[in-house]
1. Which of the residues spanning the stretch B:157-174 are touching a helix residue (DSSP H, G or I) at 6+ places or on another chain (Cβ under 7 Å), in a helix (DSSP H, G or I) and facing chain A (nearest Cβ under 7 Å)?
2. Give me a count of the residues in the stretch B:99-124 that are more than 7 Å from chain A (Cβ to nearest Cβ) and either in a loop (DSSP other than H, G, I, E, B) or surrounded by 15 or more Cβ atoms within 10 Å (Cβ to Cβ) (or both).
3. Can you find even one residue in the stretch A:19-30 that is within 18 Å of B:F128 (Cα to Cα) and without any contact (Cβ under 8 Å) to a residue 12 or more places away in the chain?
4. Could you tell me which residue of the stretch A:114-137 is surrounded by the most Cβ atoms within 10 Å (Cβ to Cβ), considering only residues that are aliphatic (A, V, I, L, M), within 17 Å of B:A143 (Cα to Cα) and free of Cβ contacts under 8 Å to residues at least 40 places away in the same chain?
5. Quick check, is B:S91 at the interface with chain A (Cβ under 7 Å from one of its Cβ atoms) and over 17 Å from the mean Cα position of the chain (by Cα)?
6. Going by what's in this entry, would B:G154 be described as facing chain A (nearest Cβ under 7 Å) and either at positive phi or touching a His at 6+ places or on another chain (Cβ under 8 Å) (or both)?
Amino acid sequence: MALLKYFLIGIYFGIVLVKGEVVSWFRIQEMFHLQSAYMYLVIASAVVVGMIFVFAAKAFKLRSLDGQNLDFKGKPFNKVGNTAGGVIFGFGWALAGACPGPMYALLGAGYWAIAVGLVFAFLGALTYGYLKPRLPH
Amino acid sequence: MWEAITGPWPWYTTGPLLGLMVPFLMLAGNKHFGVSSSLRHVCAAVFKPKAEYFRYDWKKSGWNLALVAGTIVGGVLAVLAFGADTSPQLSEGAHALFASWGMEEATALQPAEVFAVGADNWLRPLVFLALGGFLVGFGARYAGGCTSGHAIMGTALLNPGSYVAAIAFLVGGFAVSNLIIPALIAL
């Protein structure tokens, strides 16, 4: 039952992704060809909302509903990992027209072909796991 | 009111609603928004790989798996209850771009050329989705996060590595979308 709240937040996430057209291959190509500001404004305004919350949560020392002090520590900065991994991710994002969140949402939206993308995303993560000790980070 | 919800959403609806994922997850249980770590958890749970990267207690990350399970259900509801599966509100320039690629006019969220798999259309979907999916999974884990974990959560935290990753996502995307896809779409 402790996981139910995350399941519900996930439902919300899936609705926003699909309804907001963020899952659309067309929208992703449109973004990368600078043919519309839509995706940029979506991402930028999402970041601003997140930033305002983080700022307010720090200022007011907010706690989570289960009473924990909030964690504001970001992920470690890996120069090569963030850059090379990021560019490789971008290659895939453009090809599939979807990043991981939209892949899950598209499965629900009835675009069964994305199951291929998702299975290969698992294989990509699996491959990374095996190669990790040999890759520069 | 209901028509505003079922009709197409402007960016100032979609973006802020997406950004609310940050407070929702932090307030729900001190969790950082991120989706691609679920790829690792699923691998650890299903394949039980021997690599050290997968030897950890994935059950402690059950919240992340619950999140992506919910995301699938959200996709169902978006189509069934919110009238989501319509052609996107693309710009004139985008329509011209897709026409120049020889694609049919959009009638749904996704192009038939990439998503309608059939006997006479399997190579292109396979290349776009299998190769794309692999690079997304590999790259996200190499970069330590994806669009949600770096480009939204990490940037909200003012985390330097997340800004580097987010810019790298765009660089990779621009390169493939502009240089590779125009040739590949003709497959």
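The values are calculated or read from the model by the stated rules, or taken from the named source; none is laboratory data. The structure presented is a predicted model; accordingly, all values stated were derived computationally and were not measured. Because the Cβ atoms are built from the backbone with ideal geometry, glycine has one as well, and the counts that use them run over all protein chains shown.
1. Hits for the stretch B:157-174 are B:G161, B:S162, B:V164, B:A165, B:A168, B:F169, B:L170, B:V171, B:G172, B:G173, B:F174.
2. Counting residues in the stretch B:99-124 that are more than 7 Å from chain A (Cβ to nearest Cβ) and either in a loop (DSSP other than H, G, I, E, B) or surrounded by 15 or more Cβ atoms within 10 Å (Cβ to Cβ) (or both) gives 15.
3. Within the stretch A:19-30, the subset within 18 Å of B:F128 (Cα to Cα) is A:22-30.
Those still in the list that are without any contact (Cβ under 8 Å) to a residue 12 or more places away in the chain too: A:30.
Yes, the conditions are met somewhere in the stretch A:19-30.
4. Among those that are aliphatic (A, V, I, L, M), within 17 Å of B:A143 (Cα to Cα) and free of Cβ contacts under 8 Å to residues at least 40 places away in the same chain, it is A:A121.
5. Against the criterion (at the interface with chain A (Cβ under 7 Å from one of its Cβ atoms) and over 17 Å from the mean Cα position of the chain (by Cα)), B:S91 qualifies.
6. no
Each row is one residue, and each column tells you yes or no for (1) at the interface with chain B (Cβ under 7 Å from one of its Cβ atoms); (2) at pLDDT 95 or above.
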| site | (1), (2) |
| --- | --- |
| A:M51 | yes, yes |
| A:V54 | yes, yes |
| A:L70 | yes, yes |
| A:G74 | yes, no |
| A:G86 | yes, yes |
| A:F89 | yes, yes |
| A:P102 | no, yes |
| A:L106 | yes, yes |
| A:R134 | no, yes |
